[in-house]
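The structure appears below as structure tokens.
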Amino acid sequence: MSRRLPFGIFITSLLLQAEVAASPIELEHYEAKRLVSTGQILSLDATLERVAAFCQGKLLDAHLYQEGDKWRYDLQFGFQRGQIINLSVDATSGRLNPDSVLPDECKPHETATR
């Protein structure tokens, strides 16, 4: 005789598995180093150089996440007047994620042309 889960428990189990699979996973330092060394993502330093083109705050915190087949840096910056902002940056390109809105504290720098 086989034991079967009640249908409601089975569906709940599937939904929980799907939710966990869709949740971003924070990567450890050694994993980030491997991804950088294989060229799959930019280093945090290279990413910060690109972000510096439009945001000049002091880095307070940084985390690397994997969501499906994409990697992102979640960065937190502090500014002189006490503002703290969060940016989500594509770890493969160093570009601000399209779903993110650039805060007022961060503006693209204009270069003078002569």
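The values are calculated or read from the model by the stated rules, or taken from the named source; none is laboratory data. Note that this is a predicted model, so its numbers are computed, not measured. Here the Cβ is made from the backbone with ideal geometry for all residues, glycine too, and neighbour counts use every protein chain on show.
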Whichever residue in the stretch 42-88 is among the polar types (S, T, N, Q) and either at pLDDT 90 or above or in a strand (DSSP E or B) (or both) and, among such residues, is nearest to the chain's Cα centre (by Cα)
88
Output the residues belonging to the stretch 89-114 that are closer than 14 Å to residue 54 by Cα, at pLDDT 85 or above and part of a loop (DSSP other than H, G, I, E, B).
94, 95, 97
Of the criteria (1) of a type in the set (Gly, Ala, Ser); (2) exposed (fewer than 11 other Cβ atoms within 10 Å of the Cβ); (3) at pLDDT below 85, which one residue 13 fails
(2)
